[in-house]
Structure formats: structure tokens, C-alpha cells
Amino acid sequence: MKNFRSYQLAVKFYKKSLELKLPYYLKDQLRRASSSVACNLAEGYGRQTFKDRRRFYFQALGSIRECQSLLELGDIDQSDFLDLLDHLAAGVYKLCFFKPQ
């Protein structure tokens, strides 16, 4: 999956999220939500039809939204970290709504 850019961004986001200083309950939830993004992208990537892939990509997008809310709750304002998450969200959004030709 080296050529799957959104997946690579999801892995990078997951690894960086482990370094954040957050209360335990937020950090644990962020760890689970960010790993869910990468796992759903990987599972969707392996599906044969656009409809099947899209279902997993929507799950990944939902987990991204969860990560965004957890970062807001934790008052995380590191612009490079938030930019990475926004870039990931944009890529996954495109996967959800734009069928490859």
C-alpha cells in the first residue's frame, strides 16, 4: 500500500497522535479512533467494487471526525498536526465521493 497516499497519511497521523499529551481517557479514545482510520482505509482498499470500498472509506471519514472532536476537547492547537489531519480528511473525502474512472 505504498502508493495509497491516504493510508500513508493515516499511519503517520496515528504515530504522531501517540506522542500527544492528553488526559488518559482522551488519549485512549484518540488512539482507537486514529487506528480505525488506517484499518478502514486498508480494508476498503482490498475490496473489489466501488460500493464496498466506499463503505469502509465512510467509516474512516467518521473516525477522522471523531479525532477532530477529541483534539478540540483536548485543546490541541499544534498547527502542523491539525494540518496533517485536515489533509487526511480531504483525501478520504475524495475517496468517498469521487468514483475512479
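List of remarks:
- Where Leu30 falls short, out of the listed (1) over 8 Å from the mean Cα position of the chain (by Cα); (2) more than 12 Å from Leu71 (Cα to Cα); (3) among the aliphatic types (A, V, I, L, M): (2)
- Qualifying positions in segment 51-65 - touching a Leu at 6+ places or on another chain (Cβ under 8 Å) and free of Cβ contacts under 8 Å to residues at least 24 places away in the same chain: Phe56
- Pair list, Cβ < 7 Å and 6+ apart or interchain, from segment 66-86 residues that are in contact (Cβ under 8 Å) with a residue 24 or more places away in the chain to residues that are in a helix (DSSP H, G or I) and of a type in the set (Ser, Thr, Tyr): Cys67/Ser34
Where a number appears in this text, it was derived from the coordinates with a stated rule and is not lab data. The model shown is predicted, which means the values in this text are computed figures rather than measured ones. When we count neighbours, we look across all protein chains shown, and the Cβ atoms used for this are built from the backbone with ideal geometry, even at glycine.
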